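*Asks:* Before I ask anything, here is the structure I am working with.
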Amino acid sequence: MKKVKCKFNINGIDKNISIYEDKPLIYVIRDDFGLIGTKLGCGLEQCGSCAVIIDGEKKLSCNIHAKDYQKSKITTIEGLSSKGTLNAVQKAFKKFNAAQCGYCTSGIIISLSVLFNKKSNPTNDEIINSLDGQLCRCGSHSAVFDAIESIKKNK
């Protein structure tokens with residue numbers, strides 16, 4: 001496999017790097033940008049812990065070739081806050097302690113952030129659909145839904 005020169009924009013930071021053609025985006029995020037909030041769980045696009053925002057849409061970063069997203073605006077969990085201020089979803093998760101081990105949390109927050117960026121008052125079905133594929137083994141679901149309800153009330 002040959003290396004290619006790529007330029008990425010992740011969380012507003014541009015960086016030129018040389019990567020193997022088949023390098024998954026998750027490894028560019030974690031290894032080349034040093035952003036470890038996005039987790040590698042199953043590596044099979046089944047758990048959702050690797051979710052990021054690419055051009056406004058949620059994408060799972062574990063199996064997509066990084067080189068294909070050079071011209072994209074990529075946002076990770078670290079990029080959701082602005083000048084040290086958490087976004088509404090992050091604030092609600094903090095307030096309701098909606099994480100236990102934390103492994104799934106970044107993917108769930110990414111999913112909900114995309115949804116709430118598109119719809120200020122999503123239906124329960126839209127919320128459930130946005131969380132489809134986000135696995136949490138710790139059982140923090142009730143706290144997650146408490147956080148979601150607080151976001152809806154504050155919009």
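*Asks:* Determine, yes or no, whether Ile110 is in a helix (DSSP H, G or I) and more than 15 Å from Glu149 (Cβ to Cβ).
*Replies:* So Ile110 fits the description; yes.
*Asks:* As an exercise: evaluate Cys101 against (1) of a type outside the set (A, V, I, L, M); (2) surrounded by 13 or more Cβ atoms within 10 Å (Cβ to Cβ); (3) part of a loop (DSSP other than H, G, I, E, B); (4) in contact with a Lys or Arg (Cβ under 9 Å, 6 or more places away or on another chain) and give the number of the one condition it does not meet.
*Replies:* Cys101 satisfies all of (1) of a type outside the set (A, V, I, L, M); (2) surrounded by 13 or more Cβ atoms within 10 Å (Cβ to Cβ); (3) part of a loop (DSSP other than H, G, I, E, B); (4) in contact with a Lys or Arg (Cβ under 9 Å, 6 or more places away or on another chain) except (2).
*Asks:* Since Ser82 meets every condition but one in (1) among the hydroxyl-bearing types (Ser, Thr, Tyr); (2) under 23 Å from Ile148 (Cα atoms); (3) touching a residue at least 60 places away in the same chain (Cβ under 8 Å), which condition does it not meet?
*Replies:* (3)
*Asks:* Still on this model: Taking strands (runs of 3 or more DSSP E) that fall entirely within region 1-75, which contain at least 1 residues that are under 30 Å from Cys138 (Cβ atoms) and in contact (Cβ under 8 Å) with a residue 24 or more places away in the chain?
*Replies:* Of the strands (runs of 3 or more DSSP E) lying wholly inside region 1-75, those with at least 1 residues that are under 30 Å from Cys138 (Cβ atoms) and in contact (Cβ under 8 Å) with a residue 24 or more places away in the chain span 3-10, 51-54, 57-60, 73-75.
*Asks:* Something else now. What residue, among those in region 131-142 that are within 19 Å of Lys91 (Cα to Cα) and surrounded by 18 or more Cβ atoms within 10 Å (Cβ to Cβ), is modelled with the lowest pLDDT?
*Replies:* Ser140
*Asks:* Could I ask something else about it? Condition (residue is touching a strand residue (DSSP E or B) at 6+ places or on another chain (Cβ under 8 Å), acidic (Asp, Glu) and in the same structural domain as Pro24 (by TED's automatic domain parsing)) applied to region 48-63: is it met by at least one residue?
*Replies:* Scanning region 48-63, I find at least one residue that is touching a strand residue (DSSP E or B) at 6+ places or on another chain (Cβ under 8 Å), acidic (Asp, Glu) and in the same structural domain as Pro24 (by TED's automatic domain parsing), so the answer is yes.
Every residue, every condition in (1) more than 17 Å from Gly107 (Cα to Cα); (2) buried (at least 20 other Cβ atoms within 10 Å of the Cβ); (3) not aromatic (Phe, Trp, Tyr), yes or no:
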position	(1), (2), (3)
Gly12	yes, no, yes
Ile29	no, yes, yes
Asp32	yes, no, yes
Gly43	no, no, yes
Ile53	no, yes, yes
Ser82	yes, no, yes
Val89	no, yes, yes
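The values are calculated or read from the model by the stated rules, or taken from the named source; none is laboratory data. Just so you know, these numbers come straight off a predicted model, no measurement behind them. Methodologically, a virtual Cβ is constructed for each residue, glycine included, from the backbone with ideal geometry; neighbour enumeration extends over all protein chains shown.
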